[in-house]
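Report on the following structure.
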Amino acid sequence: MTAALRWIPRAIVLGLVVYAIFGPLANLALWAFAEQWYYPHKLPVTYGLRFWHQVFKPRGDALESLSTSVIIALLTVALCLVIAVPAGYALARLRLPARALIMLAFLLPQAFPSLAVYINIARLFYGLGLNGTILGVVLVHTVHGLVFAVWITTAAFAAVDRDLELAARSIGASALRTFLTVTLPLAAPGITASAVFVFLESLDEFTGTYFVGVPDITTLPLLMFTASIAGNYQIAAITALILLIPSIGFMLVVERFLKADVMAKVGT
Amino acid sequence: MPGAGLEVAGLEVDYGSVRVLHGIDLAVEPGSFVALLGSSGCGKTTLLRAVSGFVPVSAGRVTVNGRDITAAPPDKRGMAMVFQSYALWPHMTTAQNIGYGLKLRGIARDAIKRRVEEILAMLELEGFGPRMVTQLSGGQRQRVALGRALAINPDILLLDEPLSNLDARIREDVRHEIKALQQGLGITAIHVTHDREEAMVMADRIVVMDQGRVAQHGTPEEVYNRPVSAFVAGFMGAGNTIRLSARPTEAGLAIVPGPNNTGATIAARALGPGVSPRHDGPVVAHFRSEAAELADPETVGDGTLVLSGRVEQASYPGGHYRYAVSVGDRKVIVDAAERLAVGAAVGVRLRAEALHLFPDSEQQGRLP
């Protein structure tokens, strides 16, 4: 009896947690399949796939913005890795006196209110003709993603034992050959994880895209925003579900690749 | 393929503002096995890494067969290093690890395969080629690390404490295996260790290092029997010390009788290199516990040095008894076959060849 009583507060807390996590998701799922839903009804009046047809119709907005989103995300990942792999290796291996400062510098874009930063970036990009271009959006996303990319790749390289590289050098491998055949393969899981983070960040990014990309660039989050402003909750819900798929998929990948030894070195 | 000769001249290495090697001079004969011996922090590993090119050199030269390689990158030195951690690549199989250096040299796939099989057979690792190195035991990993280094036929094999992660029992075997391989291949080997016995068993020549300097360089017998400094004597196992007073006589160096010791005369030819036969003043005598003998406490004046003391502690480590004997305010360890009671008065006889004498001064144990 007392044992059962003790379970009551726990059950309440668990219930609240479940509600907080799955409540909005359930609402999303309902909206995605609701054809009609208005006050005072607690649940949709009619269900159907009409809006799915609308979203996925050939040459529809959703598919186009999905491909824009993916292209931007892939370019962002590529650009981030081009910077983060050499930077991460240098930060992990070389004895740089300003190492901590450099690591912090990558965090700076996150430290300031993003609206203020993006408004000014938008102003600058106007002058450079980068507003409303894929390149402009990719640059904004890269600045945002670089902190994950650099910090995680630095940790991944730092987790590779120096002796493993020296062993290759000592039996005749050049520095580059050692990097390509020993260091890079061993750091690959961590680098993959950082790429996944950057990809997801880019896919979800809204503020920067809004200021730099609108009206020429429409990514999935922008489409969702427009749809919900206009009261098209079904369209917004379906786009949100589409955005959820890569997030969940990649989180599983990251969970597999980011080992404890790498995580332990993040930010050190 | 005969090994190469190595010469190190005036080598200095700094870590930041700290000098860790103070002008090392060392010549290694082709095909010989040299042990760099010292306690941790003495600079032996730094010396090995400077020779291999992993540590930048502040001054001095490293030459192999007369070729100056001081500025050469590590991969252009014709050396191969075996690491304490083995440093095997976990993303490769045993065969890939061993074949890596051959692949770098653009050798044909079949030839690599044959050479790897040959190495595996030599190290008694037949059949382990396709295994991931993470599935091997410590002893097997150690042999793969050795095989990886030997596969490329290096001029010089560098061994950085490769045995210190092995079980004591396996270590004994591996010592002899490595020595046999080195002799069979005629390769030059430089071995870093802090283990005196390991150095004695494996090496042709021992370089005892202390605080970034060479304390003594010689054959195992020389370093063991004729230490040039109190440091070397202590490091080579002559850990008992006793303060005495000496003065020169015609017959040799005389030990002045003291409250706890008899007088004795040590012939000049029996004196080690640590003290001059004309030394006049205090000396420190180093001796090994197994080189001392127990004597009747009443013995006097038979020409050998006898310390008078009292048994403080007795133990039986196997084969003989071990006594802690207090002599004045000092305590010495003496091994003996006879059984004595704790508290018994006892004499400790030290023959001339058991004694390593050094001048007792502030600079003792440090070569200039």
TODO: Could you please find all residues in the range B:129-164 being within 14 Å of chain A (Cβ to nearest Cβ) and over 30 Å from residue B:64 (Cα atoms)?
DONE: B:132, B:133, B:134
Open item on the list: I'd like to check which strands (runs of 3 or more DSSP E) are fully inside the range B:128-247 and have at least 2 residues that are touching a Gly at 6+ places or on another chain (Cβ under 7 Å) and surrounded by 22 or more Cβ atoms within 10 Å (Cβ to Cβ).
Closed with: B:205-210
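For (1) modelled with pLDDT of 90 or more; (2) surrounded by 14 or more Cβ atoms within 10 Å (Cβ to Cβ); (3) more than 23 Å from residue A:178 (Cβ to Cβ); (4) of a type in the set (A, V, I, L, M, F, W, C), each residue gets a yes or a no:
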{"site": "B:69", "(1), (2), (3), (4)": "yes, yes, no, yes"}
{"site": "B:76", "(1), (2), (3), (4)": "yes, no, no, no"}
{"site": "B:88", "(1), (2), (3), (4)": "yes, yes, no, yes"}
{"site": "B:92", "(1), (2), (3), (4)": "yes, yes, no, yes"}
{"site": "B:101", "(1), (2), (3), (4)": "yes, yes, no, no"}
TODO: Looking at (1) more than 12 Å from every other protein chain (Cβ to nearest Cβ); (2) more than 21 Å from residue B:191 (Cα to Cα), find the lone condition where residue B:104 falls short.
DONE: (1)
Task: Wholly within the range A:67-171, helices (runs of 4 or more DSSP H) carrying at least 2 residues that are within 14 Å of chain B (Cβ to nearest Cβ) - done: A:162-170
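Table: residues versus (1) in the same structural domain as residue B:349 (by TED's automatic domain parsing); (2) without any contact (Cβ under 8 Å) to a residue 40 or more places away in the chain; (3) closer than 15 Å to residue B:242 by Cα.
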residue: B:272; (1), (2), (3): yes, no, no
residue: B:280; (1), (2), (3): yes, yes, no
residue: B:288; (1), (2), (3): yes, no, yes
residue: B:306; (1), (2), (3): yes, no, yes
Task: Out of A:143, A:137, A:160, A:182, sole residue that is aliphatic (A, V, I, L, M) and touching a Gly at 6+ places or on another chain (Cβ under 6 Å) - done: A:137
- [ ] Sort through B:16, B:41, B:53 and tell me the only one that's touching a Lys or Arg at 6+ places or on another chain (Cβ under 7 Å) and at positive phi.
- [x] B:53
- [ ] Give the number of residues within the range A:211-240 that are hydroxyl-bearing (Ser, Thr, Tyr) and in contact (Cβ under 8 Å) with a residue 60 or more places away in the chain.
- [x] 4
Open item on the list: Here are the criteria: (1) at pLDDT 80 or above; (2) not assigned by TED's automatic domain parsing to the domain that holds residue A:246. Tell me which single one residue A:72 does not satisfy.
Closed with: (2)
TODO: Please work out which residue is surrounded by the fewest Cβ atoms within 10 Å (Cβ to Cβ), limiting yourself to the range B:103-119 and to residues that are within 15 Å of residue B:146 (Cβ to Cβ) and in contact with a helix residue (DSSP H, G or I) (Cβ under 7 Å, 6 or more places away or on another chain).
DONE: B:115
TODO: Quick one: count up the residues across the range B:286-339 that are out of contact with any helix residue (DSSP H, G or I) (no Cβ under 9 Å at 6 or more places or on another chain) and not in a loop (DSSP other than H, G, I, E, B).
DONE: 26
- [ ] Can you work out which of the residues in the range A:172-199 that are among the polar types (S, T, N, Q), within 9 Å of chain B (Cβ to nearest Cβ) and not in a loop (DSSP other than H, G, I, E, B) is nearest to residue B:83 (Cα to Cα)?
- [x] A:178
Open item on the list: So, in the range B:82-96, exactly how many residues are of a type outside the set (A, V, I, L, M, F, W, C) and more than 9 Å from chain A (Cβ to nearest Cβ)?
Closed with: 3
TODO: Residue by residue through the range A:8-40, note down the ones that are hydroxyl-bearing (Ser, Thr, Tyr) and closer than 23 Å to residue A:53 by Cα.
DONE: A:38
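The values are calculated or read from the model by the stated rules, or taken from the named source; none is laboratory data. Computed from a predicted model, the values in this text were never measured in an experiment. Cβ sites come from the backbone with ideal geometry, for glycine too, and all protein chains shown count toward neighbours.
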